[in-house]
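The values are calculated or read from the model by the stated rules, or taken from the named source; none is laboratory data. All values derive from a computational prediction rather than experimental measurement. Here the Cβ positions follow ideal geometry from the backbone for every residue, glycine too, while neighbour counts run over all protein chains shown.
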Amino acid sequence: MSDNHPHRRYNPLADRWVLVSPQRDQRPWQGQVEETPPEEPSYSSDCYLCPGNDRAGGARNPQYTDVFVFDNDYPALLTGAGPTQSDDALFRASSVEGRCRVICYSPRHDLTLASMDEEQLLAVIRTWADETASLSRDYEHVQIFENRGATMGCSNAHPHGQVWALDNLPSEIIVEARQQSAYLDKHGLPMLLDYAHKERGKSQRVVCSNDHWIAVVPWWATWPYEVLLLPLHQVARMQDLTATQRSSLADILKRLLGAYDQLFCVPFPYSMGWHGAPTSASKEPWQLHAHFFPPLLRSATVRKHMVGFEMLGESQRDLTPERAAEQLRKVMS
Ligand code: H2U
Ligand code: ZN
């Protein structure tokens with residue numbers, strides 16, 4: 001495998017290719033340091049999500065003391081949406097119903113997942129699992145995600161994430177389901193379980209690991225510091241994680257997100273989210289996993305843009321996943 005020549009790598013989960021051009025990334029790594037942004041206060045009277053404050057939609061938050069979940073005041077999906085159906089080959093459409101919720105991870109305005117203690121992180125993980133389980137009673141797919149940082153469209157510094165549950169399978173999930181099923185049929189074991197163990201054996205793309213989890217910059221990463229977080233044992237859904245696996249998850253999340261924040265010495269922006277087996281899917285091919293998609297490339301201000309060839313051809317990267325993993329390992333405390 002050449003480190004210096006352009007090549008393409010295949011993403012078997014998403015069934016697409018990425019162009020890797022390592023010869024364009026011969027610059028020495030300098031880990032540019034930015035000015036530390038001002039610290040957030042532990043409570044902000046201007047924040048829509050702090051305890052006791054009025055939200056933009058008019059409701060008032062309770063004086064919550066733990067994780068707080070509410071129905072999004074501006075949901076992208078509605079319950080009881082009217083029927084929409086068109087089978088026309090060129091103007092196809094379908095109806096969709098769903099529910100959107102917001103998860104405030106903590107009453108503290110100034111915390112982040114990386115700065116929370118284990119107990120707080122476990123409360124967030126429990127909420128992810130409980131929301132997935134309860135919304136699965138009515139919906140086919142439950143998407144847990146977090147946008148962090150203004151560059152990722154996050155509207156508020158208060159630590160929070162979102163849940164969108166819907167009666168249809170979103171396009172990314174359709175492809176992941178198809179690819180994982182085909183892999184199980186062909187190779188006799190779940191794709192991402194096989195992948196996790198192979199990456200653990202090779203180690204050059206591993207960012208960190210513990211007894212139950214492994215975080216890698218995947219072979220096929222498109223974003224410079226993209227990470228795939230995988231369990232080392234077969235588990236299809238968030239709500240199936242044991243107490244030990246949840247503690248282990250809290251540990252690895254803290255280490256991974258701590259390294260992200262250290263890399264450019266700023267709160268690292270990203271979109272992250274969990275994928276697990278849809279409600280009525282067979283569990284066998286599915287392996288629960290989280291994707292982290294951070295946009296930064298070389299510093300707190302230099303971000304990667306998916307433009308030009310990437311919009312018209314396919315994703316491209318200069319920094320190899322191996323080098324990205326090495327840099328994250330170096331700043332891991
Ligand atoms: P971000 O995770 O991208 O910051 O979005 C926060 C969500 O919170 C967003 O979907 C919702 C927005 O609709 N929100 C409320 O429901 N009520 C509010 O008062 C503020 C924000
Ligand atoms: Zn707040």
**OP:** With the condition kept exactly as written, say whether any residue in the stretch 265-272 is surrounded by fewer than 22 Cβ atoms within 10 Å (Cβ to Cβ), touching a Ser or Thr at 6+ places or on another chain (Cβ under 6 Å), touching a residue at least 60 places away in the same chain (Cβ under 8 Å) and assigned to a loop (DSSP other than H, G, I, E, B).
**Re:** yes
**OP:** Have a look at 53, 72 and point out the one that is within 12 Å of ligand 1 (Cβ to nearest atom), farther than 18 Å from residue 267 by Cβ and either β-branched (Val, Ile, Thr) or in contact (Cβ under 8 Å) with a residue 24 or more places away in the chain (or both).
**Re:** 72
Subject >> Neighbours by Cβ (under 6 Å, 6+ apart or cross-chain): first from the stretch 292-316, at pLDDT below 90; second assigned to a loop (DSSP other than H, G, I, E, B) and surrounded by fewer than 16 Cβ atoms within 10 Å (Cβ to Cβ) >> reply: 299/32; 300/34
**OP:** Please work out if residue 24 is modelled with pLDDT under 95 and of a type in the set (Lys, Arg).
**Re:** yes
Original post:
Taking the stretch 158-194 as the search range and keeping residues that are touching a strand residue (DSSP E or B) at 6+ places or on another chain (Cβ under 7 Å) and in a helix (DSSP H, G or I), which one is farthest from ligand 2 (Cβ to nearest atom)?
Top reply: 192
**OP:** Kindly list, by first and then second residue, each pair from a residue in the stretch 150-178 that is at negative phi and modelled with pLDDT of 95 or more to a residue that is within 15 Å of ligand 1 (Cβ to nearest atom) and in a helix (DSSP H, G or I), limited to pairs with Cβ atoms under 7 Å and residues at least 6 apart or on different chains.
**Re:** 159/113; 163/131
Original post:
So is residue 46 within 16 Å of ligand 2 (Cβ to nearest atom), acidic (Asp, Glu), modelled with pLDDT of 90 or more and in a loop (DSSP other than H, G, I, E, B) or not?
Top reply: yes
**OP:** Considering each of 133, 89 in turn, give the residue that is surrounded by fewer than 16 Cβ atoms within 10 Å (Cβ to Cβ), among the small types (Gly, Ala, Ser) and either part of a helix (DSSP H, G or I) or within 16 Å of ligand 1 (Cβ to nearest atom) (or both).
**Re:** 133
**OP:** Would you confirm whether any residue within the stretch 81-91 is without any contact (Cβ under 8 Å) to a residue 40 or more places away in the chain and within 19 Å of residue 142 (Cα to Cα)?
**Re:** yes
